[in-house]
Amino acid sequence: MCGIVGYIGKKDAYPVLIKGLKRLEYRGYDSAGVALYNNGDLLVYKKKGKVADLENFIKDQPTTGFLGIGHTRWATHGKPDDLNAHPHISGDGRIVMIHNGIIENYAVLKNALIKLGHKFTSETDTEVLIHLIEELQKRDNLPLEEALRMALTKVIGAYAVVLIDKKDPTKLIAARKQSPLVVGIGEDGDFYMASDATPIVEFTRRVVYLNDEEIAIAGIDGKLTIKTLGNKLQNLNIQELDLEIEALEKGGYDYFMLKEINEQVATIADAMRGRLSVEEGWVKLGGMEQYLNRILRADRIIFTACGTSWHAGMVAEYLIEDLARIPVEVEYASEFRYRNPIIKETDVVIAISQSGETADTLAALELAKEKGALTYGIVNVIGSSIARVTDAGSYIHAGPEIGVASTKAFTGQTTLLTLMAMYLAHLKGTISESYFHELISELSLIPEKVEKALKNSAIIESIAEKIKDSTNAIYLGRGYNFPVALEGALKLKEISYIHAEGYPAAEMKHGPIALIDENMPVIVIATNKSAYDKIVSNIQEVKARKGIVIAIVTEDDEIISGIADYTIAIPDTAEPLTPLLSVIPLQLLSYYIALKRGCNVDQPRNLAKSVTVE
Ligand code: M6R
């Protein structure tokens, strides 16, 4: 939801900003802009479209300046156009600002400011905030950081903002609440600010993650000051980044999504590293150890998440109830936070999030904390907000996921949740020793089986060619593979814009079967041994209505290949682990269909990677 970047120091700001915006473009890509302090003036360039359009627009314009800010937008208030693009400028032309988040009380503030004579040129909430800062700055003749501090006490909503005052170009000023902001501390006294560490890592590994309601003042003199909205000075908590630049590049692939699908051989292994030993026969999650008794005695585990991460939570429900016999609920974070749920001190609330910044998931966690539940985070982005607010947690170690469609994060989350279920089951004695050891050894084989599953890409591409012009698709799965059906449908709709729905296979008879005709592709995950005959019957029901059946089967399957129109065979594994393999062909299928439909696979329309607004 918008990427923001800022720089102050000895270098030229523009190249830092434009490269940073390209790295952050996954957060929003409907318009982009930069502002540079240049010899007593502000140069502001903004353009509807991608960062490349902005770069093209600026190519013959002056771009020198040691101080600047840049923004790539995912529109909330006001359509994507040049006027609504950031940076926004104060009415007197003195302050320039970029913003990620939503100012919820902007309408009230705007009316008050209009009465004071302010005129607005955009439809954005951001422009209201900058006029408010301008008003307070002028009224009390305040330095920018003070005017910002005062203004933010009047604001309801979420923000990460970075500002420049052309009358005091000695500092870059930022603040955050509920939207992320990282400050990079350069070697030679320069400072970088960004929504995440990706624009910063090639310049410095030393960073400070700003906390909610903190203001950072980065000076040209190399001094960084952090204070709270209450004006209390904070100690600098400097952290080392653990991030490689290569992980941010496409590495020879056409799209990040394809790179990330292929990376799963390694990322699943990384999620397991140090958490399981086949030789010694153990599984453990370090993050759980401190609270193990509380987790084992929990009345319920509640998973809360959004989108793909919610689907991983659904897999966890099957895993934990089946193996560890602890009652589980899976909640959409956006519903959970507002529906006045019953949460007790004996509950454990686990948030699953790739970005660690999803606004609804964060708010659901805050609620759980308020009610006294133990909170746990399963997160990919190190140092992210969810990782910091939870009592404990585990990182999935998947590395940066840049394609908007989540792939390797899903399998990383599912691997971790499988380990969690096995760990709890073993401690509680709810599964036999022999089954525990069988699961350990099967789980350790998953990376090589993923590698094998990826070899189906040519078959999958040819199936994609056959069904690419469909307008609808149905995904069916049972048991552990029902959440995978939901995930397959989400992958298809978000990147190819084909309407798709996932259902438990047996639910088809209760309505969706009416949709089936000779034009309807029905993707059936048919790897479950426990319900094999029932899945065969479900496939027969689709075929009887002339639906096009694409079945994901295990390698030794002979029956379904005789009935389905197309089959994609994946290696066999223990049933609780099948989601880690069955999702791979579904990811590839959506990738190839989107590609063949000419869609932008990495940056699908209307979406953004990190949803920091509710
Ligand atoms: O960063 P998070 O895992 O919290 O994000 C949750 C969803 O926004 C995300 O999974 C989204 O559904 C993906 N685009 C799905 O591919």
Dipole of the range 283-359, Cα-centred, from +1 at each Lys and Arg C-beta and -1 at each Asp and Glu C-beta, to the nearest 20 debye?
180 debye
Can you give me the C-alpha center-to-center distance between the range 455-499 and the range 232-276, rounded to a whole angstrom?
26 Å
If you look at just the Cα atoms of the chain, how large are its Rg and its Dmax in Å?
25.4, 80
The range 57-96 versus the range 557-614: alpha-carbon centroid distance in Å
38 Å
The range 14-104: projected area of the alpha-carbon convex hull, averaged over directions, in nm²
5.8 nm²
If you split all Cα-Cα distances of the range 491-552 into 10 Å bins from zero, what percentages do you get per bin, shortest first?
21, 55, 23, 1
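Per the 1.4 Å probe, what fraction of the accessible area of the chain, in percent, lies on carbon and sulfur atoms?
Values: 11270 of 22820 Å².
After summing per-atom areas, the C and S share lands at 49 percent.
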Packing-wise, with mean Cβ within 10 Å as the measure, how do 390-400, 474-484 rank, highest first?
474-484, 390-400
Using amide H atoms built in the peptide plane, which far-off residues or other-chain residues are under 5 Å from residue 516 H to H?
none
Per the C-alpha gyration tensor (a ≥ b ≥ c, the square roots of its eigenvalues), the range 365-486 is rounded if a/c is under 1.5, else prolate if a/b beats b/c, else oblate; here it's oblate
Residue 433 and residue 266 label points (each 7 Å along its Cα→Cβ direction) are spaced in nm at 3.8 nm
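With each run of n ≥ 4 DSSP H residues scored as -39500 (n - 2.57), what mean residue ellipticity at 222 nm is computed for the chain after dividing by its residue count and rounding to the nearest 500 deg cm²/dmol? Present the calculation step by step, with values, prior to reporting the outcome.
On the way: 19 runs with 215 residues, N = 614.
The helix contribution divided over the chain gives -10500 deg cm²/dmol.
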If packing is taken as the mean number of other Cβ atoms within 10 Å per residue, what is the order of 188-200, 87-99, 332-344, highest first?
188-200, 87-99, 332-344
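Using Cα pairs under 8 angstrom and six or more residues apart, how large is the relative contact order of the chain, in percent?
On the way: 1399 pairs, mean separation 72.1, N = 614.
Here the relative contact order equals 12 percent.
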Given axes a ≥ b ≥ c from the Cα gyration tensor, I'd like to know whether the range 224-309 is rounded (a/c under 1.5), prolate (a/b larger than b/c) or oblate.
oblate
The range 1-43 to the range 149-205: how many Å between their Cα centroids?
12 Å
Accessible area (Å², per residue) of the range 435-577, counting only protein heavy atoms and a probe of 1.4 Å:
40 Å²
Using only the Cα atoms, work out Rg/Rh for the range 455-614, with Rh taken as the Kirkwood radius, to two decimals.
0.96
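About its Cα centre, how strong a charge dipole does the chain have in debye, to the nearest 20, once Lys and Arg get +1 and Asp and Glu get -1 at the Cβ? Could the numbers behind the result be given before it?
Values: 66 positive and 82 negative charges, 301 e Å.
Computed about the Cα centre, the dipole is about 1440 debye.
Nearest 5 is fine: what % of DSSP beta bridges in the chain come out antiparallel, could you say? Mind dumping the intermediate values first?
Numbers: 63 of 103 bridges.
Here the antiparallel bridges make up roughly 60 percent for the chain.
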Could you order 131, 499 so the one with the most accessible surface comes first? Probe is 1.4 Å.
499, 131
Quick calc, the range 251-453, dipole around Cα centre from Cβ unit charges on Lys, Arg (+) and Asp, Glu (-), nearest 20 debye, gives 360 debye
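Need one word for the range 251-453: rounded, prolate or oblate. Basis is the Cα gyration tensor (sqrt eigenvalues a ≥ b ≥ c); a/c below 1.5 gives rounded, then a/b vs b/c decides. Let's see the in-between values first.
Details: a/c = 1.97, a/b = 1.12, b/c = 1.76.
Since a/c reaches 1.5 but b/c is at least a/b, the shape of the range 251-453 is classed as oblate.
Quick one, can you get me the convex hull of the C-alpha atoms of the range 3-247 expressed as volume per residue in Å³?
Values: hull volume 27.2 nm³, N = 245.
Cα convex hull per residue, to the nearest whole number: 111 Å³.
Rounded to the nearest whole Å², what accessible area per residue is found for the range 136-223 with the 1.4 Å probe?
Solvent-accessible surface per residue comes out at 33 Å².
The values are calculated or read from the model by the stated rules, or taken from the named source; none is laboratory data. In this text the structure is predicted, and so the values were computed from the model without any measurement. We place every Cβ from the backbone using ideal geometry, glycine too, and count neighbours over all the protein chains shown. Protein only, heavy atoms only, side chains kept; ligands, DNA and RNA dropped before computing areas. Shrake-Rupley method; radii C 1.70, N 1.55, O 1.52, S 1.80 Å.
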